[in-house]
Structures are given as structure tokens and as C-alpha cells.
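J.: Supplied in C-alpha cells, the structure appears directly below.
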Amino acid sequence: MAKKSTLIEILKRRGIRVTPQRAIILEVVERMQGHITAEDVYTAVQNINSYINLATIYRTLDLLKELDLIIEADMGTGATHYALRTHGTHHHAICRNCGYSFEFPHEFIEPLTVQLRKHYDFVADADHTVIFGWCKACIDAAPLSSNGSANTTQP
């Protein structure tokens, strides 16, 4: 890994010890694109150092989350997904039936956060939101229930 890790530098500047194992994990996290799971990181790390275990991966991801360097999200797969804070503000819509997903712009969510603050004095942490629902293909393929939503229990 030729390029110096920004995460390593940030941790060092904050006075946090960077062990060789942690350095490998930080460089892998930084190199991976988009949303990753702890298992994704573990698989990549194993190619570099097979002695780094999954618990060490989770502890490092927890540290990065605590330091607000990564965000986590439930993408509906059963595993927590992580993205570097530098990945930027963005949002996802995910079909509950087939798993189809797409990103949509923050401008869609921003009016909601403004209204929450205005009416409820609530500041929403909405830099990375996941909304579950049904895609057009699944709605078209499934009959609607009595409440108007797609009946996805019966394909």
C-alpha cells in the first residue's frame, strides 16, 4: 500500500495509537469504495495479514464510528454497512421485496429535516438515510393489500 492513509494520520493527530494491525484495517477501509461490511473488510484484510481477526475489525470500525469518521446504516441485508464520512451526504431507497436499491439526493430529505426542526425542535441526523418500500416492478407484480401497499407476502 503505497499511499499514506488519511485515517492513520487523523488517528495519530488525535493521539490514538495506531498498531500495525489497525493500520492495515484503516488502509483497507480507506481503499474500499462505497458501503462495506465488517466481513468485507475482514476478507480484504485476510489477504494482507491472516492473523487479524473479525473482533479487531469490529473494534476498529467502532472506533471510527465513535470518532465520526464513518457512518453506519442498515441496508436491509442483515449486516451493518459502513461508509466513510467523506463518502458524502446521500440517501438510499431499497425495495423490501427484491432488494433493488438506488441513491437519491439530499434535496429530497432536506424539507423533512427543516420541518422537524421547525415544528418539533428536533435536529435530525439525516446525512445517510435508508428508506424501505417497494419498487415499481414488485408493485406491478403483486396485488395491493387493503391499505394500498404492495402485498409482498404473496408474489
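J.: Give the residues of the stretch 62-86 whose amide nitrogen is closer than 18 Å to a point set 7 Å from the Cα of HIS106 in the direction of its Cβ.
T.: Of the residues in the stretch 62-86, 68-73, 83-86 have backbone N under 18 Å from the label point off HIS106.
J.: Assuming R0 = 30 Å, what is the FRET efficiency of ARG14 and LEU116, from their Cβ-Cβ distance, to the nearest 0.05?
T.: 0.40
J.: Please give me the summed charge of the neighbours of ALA79: other residues whose Cβ is under 12 Å from its Cβ, Lys and Arg +1, Asp and Glu -1.
T.: Here the count lands on -4.
J.: Another question about this same structure. Among TYR58, TYR51, which comes first, then next, by fewest other beta-carbon atoms within 10 Å?
T.: Ranking TYR58, TYR51 by Cβ neighbours within 10 Å, fewest first, gives TYR51, TYR58.
J.: If each DSSP helix of 4+ residues adds -39,500 (n - 2.57) and the sum is divided by the residues in the chain, what number results at 222 nm, nearest 500 deg cm²/dmol?
T.: Rounded to the nearest 500, the figure is -11000 deg cm²/dmol.
J.: For the stretch 13-26, what does the Karplus curve 6.51 cos²θ - 1.76 cosθ + 1.60, with θ = phi - 60°, yield as ³J(HN,Hα) per residue in whole Hz, taken in order and with x for Gly and Pro?
T.: Going residue by residue, I get 4, 8, x, 9, 5, 10, 6, x, 5, 5, 4, 4, 4, 4 Hz, with x marking Gly and Pro.
J.: For THR43 and ARG85, calculate 0.36 nm times their separation in residues minus their Cα-Cα distance, and state this gained length in nm to one decimal.
T.: Net length gain for the segment: 12.9 nm.
J.: Taking Cα atoms, how many degrees apart are the long axis of helix 54-66 and the longest axis of the chain, rounded to 10 and kept between 0 and 90?
T.: 80 degrees
J.: If amide H atoms are built 1.01 Å from N in the plane of the peptide, which residues on other chains or at least 5 residues away come under 5 Å of the amide H of ASN97?
T.: When sequence neighbours closer than 5 places are left aside, the close amide H contacts are CYS135.
J.: Could you list ASP127, ASP74, ASP68 so that the one with the fewest beta carbons within 10 Å of its beta carbon is first and the one with the most is last?
T.: Fewest-to-most ranking of ASP127, ASP74, ASP68: ASP68, ASP74, ASP127.
Rule-based calculations on the coordinates, nothing more; no lab input. Model, not experiment: these values are computed from the prediction. Every residue, glycine as well, gets a Cβ built from its backbone with ideal geometry; the counts of neighbours run over all protein chains shown.
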